[in-house]
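Worksheet for the structure shown next.
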Amino acid sequence: MDKPGHRLTLLPVDRGTVRAVIVSLVLFALAGMLWADLWRFTSPVEPRTRVPAWATDIATVRQPSLRPEIEIVGFTYRCSTCHRLFPPRPTTGRTLTQHRDIVLKHGINDRCLNCHHPENREAFVDDKGSEISYDQPQLLCAKCHGPVYRDWTHGVHGRTNGYWDAAFGPVERKLCTACHDPHVPPFPPMRPAPGPNTLRMGDQRRFHARHEEQENPLLIYQRPTSRDELDEKEHE
Amino acid sequence: MSAADNTPNNPTHGAPAGAAPEPSRRGFLRMGVNAVAGAAALAAALSPLRDLDPDDAPSLEEFFQKHYKEMSAEEKQAALARIAEQVRRRFKLPADRAVNVQDPPPMDGVEFVYALNVSRCIGCRKCVHACAKENNTSRSPEIQYIRVLQMQKGSIDVETSEHHYDPIKIPDHQAYYLPVQCHQCAKPPCVKVCPTEATWQEPDGITVIDYDWCIGCRYCEAACPYWARRFNFGKPQIPADELNLDMAYLSNRPRSKGVMEKCTFCLHRTRRGRMPACVEVCPTGSRKFGNVLDPDSEVAYILRHKRVFVFKEEVGTLPRFFYYFDERGSRYHEPIEVFEPGEST
C-alpha cells in the first residue's frame, strides 16, 4: 500500500497514521498541561496576614482617671488621705521623699507646685493661686500653652470622636491628658501599623536583596530616598 | 460514517483516492483519535471556567438594573434588598448577623471638607487599617484608600517619598508624613473621563461610584492626580468576621472583581452625622472633618485661621482636602529638651 521507496516502509503503518498519532499526542500533552495548570500565575506579593487589633482601636493612647487619686499596690487612695495628715511645706524644689516613681520631664516646668495646688493636693493651681478641678486639665495646661488651648477650644488641636454634627449625637472632645502625660508631655512614639503589601515602586534593591538575581520589572526609579540616607547614616 | 467516507479524499492521507475499505477504517480511527484529543485540549483550555462561581454571574434583575440616578424609590429598595441577600450568600453569614444596606441621601446645606494637620501626623498608619475595615476593601489582593507618604523634610516632592517605611518606632524625626487619599475635588478629573457616567459628584461634595455601572476601564484611575482610585484586579477577599455590615449603596457595600472604588468620606457614617473612620482612629487628632458651610465647624476655623496648603494645587482640581500646619511646626521635629535635676544650664 505504501509507495515504493518510501522511508516508512519499516513501520507497519502509513505516514498519515504517524502524523495523526503525533498530532493527537501533542494535543493530549497540551490538554494535560492546561489541566495541570502549569502556567498558574503566582503573585510576587506575599499574602496578607491579619492586621493586629490595636491598629484599628479607636481608644486614646491614655485613659486618665481625672480624679485626685493614686494607686499603690492595687489600692486606690485619694490624695487627701495622706496630704491631710502631712500638711505640705510651702517650699518648692526640695528632694522628693514620696512619689519618687513619677518622672517629671516637662521642659523648664520642673516644679511640682507649678501645677499642683500648694495647700489642696486634690486640685491644680491657676495663675492667681485659685483651685482648678482635677477633671478640667485643659484649664491648667492653658496657663502656658495658649495657642494650643485656643486651637483646642475650636476643636483644631486634639481628638474629636463620635459625631461631627451635634444634632445627631455627642461630639466627643478629648482632653489634653487623653494624649499627653502631664509629667512627660510629648506624644509617645509608637509602632507603625503594617505597611502596604503591594509591589514596591522605587528602588527595589533594598527590599529584594535576597532575589538579586531576578530582574524586577518595577525597577524604574533609582534615586535614593530619605530612608536610604538614614540607613547610611546609621551605618556610619 | 461521514468521516470514513471523507478520509479517502483527505489530501493529508497517504493512500490514493478510491482505495480499499481497510485504509478507510484506519482513517476513521485516526480521525476519531484526533477528535478525542482535540476535544480534550478544548476542555482543558476551558478549564479556568471551573473557578467561576455561579454567584458571580449577574442575576436577571441585576443585569437590567438601571443607573443609580435613574432608579425610582421602589427600584432602589429592591436593589438594596438584592445586595443584602447577595452579601449574605457570598460571605455565608449566619442568620443572626443582620446585613444593613442603606442609601443615605446627601444632607441639605452640607458640604464636607477634610483637613489634615501635617505638623501632628506621626505616620502610624492606623487610619489606613481603620479605613479598610470600615469600607470592606479587599484584604487580598490588598486595596487601601489611604497612602501615608513619608516625606523628606523641607520637600513636597512625592518622587522622593516612601510609603513602605517600617521602623521600630514612629515618628522619624528626619521626616514628615503626608497621608494621601481621595481629595473629593470640586472639579474632579475622574468624573470627566468616565465613559459610562458611573461616577459623579454628589451635592455634598463626595464623588461616588455606582459599582453596578462601572465597566472597569480604569480611565479615572489614570486621570486622578492623587492616586486615589483603586481597581479590583481580583475578587475582593474579606474575612467574613471582619465584614462591616453597616453598608451603603454608594460606599462600602462589597465590590466585585473588575470595578473601581475610592474613598467616599465614609458617607454611610458622615451622612448620618458620624465622623469618618480615619478621623475617629487617628491617635494624634491630626485629622479634622466637618461641614465647611457651617461657620462654627472645625474645618471652617482651620480654613480661616490656619496655614493651609493644597496638595498639587497646580493641577487645578480644587480639592476639598486640605493640609495645614501649627504655628511652631511639628513638635516631634524638635524633641523637647529635658532639664535634668542638678544640671547647670
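Where a number appears in this text, it was derived from the coordinates with a stated rule and is not lab data. Treat the numbers as computed from the prediction; the structure is a model and nothing was measured. Positions of Cβ are generated from backbone atoms using ideal geometry, with glycine treated the same way; all protein chains shown enter the neighbour counts.
Mind listing the long-range amide H neighbours of A:VAL184? Cut-off is under 5 Å, sequence gap 5 or more, other chains count too, H placed in the peptide plane at 1.01 Å from N.
A:LYS105
Of B:LYS187, B:LYS69, A:LYS105, how do they rank once you tally other Cβ atoms within 10 Å and put the fewest first?
Ascending number of Cβ neighbours within 10 Å: B:LYS69, B:LYS187, A:LYS105.
Could you tell me whether segment B:179-304 comes out rounded, prolate or oblate from its Cα gyration tensor? Rule is a ≥ b ≥ c as square roots of the eigenvalues, rounded for a/c under 1.5, then prolate if a/b exceeds b/c, otherwise oblate. Provide the component values of the computation, followed by the final result.
Numbers: a/c = 1.95, a/b = 1.33, b/c = 1.47.
Cα axes put segment B:179-304 in the oblate bin.
Post the alpha-carbon centroid distance, segment B:156-184 to segment A:120-146, in whole angstrom.
So the separation of the two Cα centres works out to 37 Å.
Given only helices, namely DSSP H runs of n ≥ 4 each adding -39500 (n - 2.57), what is the per-residue ellipticity at 222 nm of chain B, to the nearest 500 deg cm²/dmol? Write out the running numbers ahead of the final one.
Values: 10 runs with 88 residues, N = 345.
Result for chain B, helices only: -7000 deg cm²/dmol.
Rounded, prolate or oblate: which one fits chain B, using the alpha carbon gyration tensor with axes a ≥ b ≥ c (rounded when a/c is under 1.5, else prolate when a/b beats b/c, else oblate)?
prolate
Return the average number of partner chain Cβ atoms within 10 angstrom of each residue Cβ along peptide B:118-130.
Across B:118-130, the average partner-chain Cβ count within 10 Å equals 5.
Can you check what the net charge comes to around B:GLU75, using other residues whose Cβ is under 14 Å from the Cβ of B:GLU75 (Lys, Arg +1; Asp, Glu -1)?
Taking every Cβ under 14 Å from that of B:GLU75, the sum is -3.
Please list the helices of chain B that count as membrane-span-like by this rule: a mean Kyte-Doolittle hydropathy of at least 1.6 together with Cα atoms stretching 18 Å or more along the helix axis, each helix being a complete DSSP H run.
Long hydrophobic helices here: none detected.
Of A:TRP152, A:TRP164, B:TRP227, A:TRP39, how do they rank once you tally other Cβ atoms within 10 Å and put the fewest first? Don't skip to the end; give the middle numbers.
Working: A:TRP152 20, A:TRP164 26, B:TRP227 12, A:TRP39 8.
Listed from fewest to most nearby Cβ atoms, that is A:TRP39, B:TRP227, A:TRP152, A:TRP164.
Arranged by the count of other C-beta atoms within 10 angstrom, fewest first, what order do B:PHE309, B:PHE265, B:PHE91 take?
B:PHE309, B:PHE91, B:PHE265
Would you mind getting me the FRET efficiency between A:ARG89 and A:LYS174? Use the beta-carbon distance for r and R0 = 60 Å, nearest 0.05.
Details: r = 36 Å, r/R0 = 0.60.
Using R0 = 60 Å, I get an efficiency of 0.95.
Quick one: grab the alpha carbon gyration tensor of segment B:77-147, order the square roots of its eigenvalues as a ≥ b ≥ c, and give me rounded if a/c is under 1.5, else prolate or oblate depending on whether a/b is larger than b/c.
In terms of gyration-tensor shape, oblate.
Obtain the nm distance between the two label points defined at B:SER47 and A:TYR77 by a simple spin-label model: each point lies 7 Å from its Cα along the Cα-to-C-beta direction.
Calculated label separation equals 7.7 nm.
As an exercise, identify the trypsin sites (Lys or Arg not before Pro) in segment B:237-280 lying in DSSP coil whose Cβ has no more than 15 other Cβ atoms within 10 Å. Each step should come with its number before you reach the end.
Working: sites: B:ARG255, B:LYS257, B:LYS262, B:ARG269, B:ARG271, B:ARG272, B:ARG274; in loops: B:ARG255, B:LYS257, B:ARG271, B:ARG272.
Within segment B:237-280, the qualifying trypsin sites (Lys or Arg not before Pro) (loop, at most 15 other Cβ atoms within 10 Å) are B:LYS257.
Of all trypsin sites (Lys or Arg not before Pro) in segment B:127-208, which ones are in loop regions per DSSP and have a Cβ with at most 16 other Cβ atoms within 10 Å?
When the trypsin sites (Lys or Arg not before Pro) of segment B:127-208 are filtered for loop state and at most 16 Cβ neighbours within 10 Å, B:LYS153, B:LYS169 remain.
Residues of B:290-297, mean number of Cβ from any other protein chain within 10 Å of their own Cβ, rounded to a whole number?
Per residue, the number of nearby Cβ atoms from other chains is 2 on average.
Taking GluC sites (Glu not before Pro) as candidate sites, keep only those in a DSSP loop with at most 15 other Cβ atoms within 10 Å, then name the longest stretch of chain B containing none of them. Working shown, then result.
Numbers: sites that count: B:GLU197, B:GLU327, B:GLU337, B:GLU343.
Between exposed loop sites, the widest span is B:1-196.
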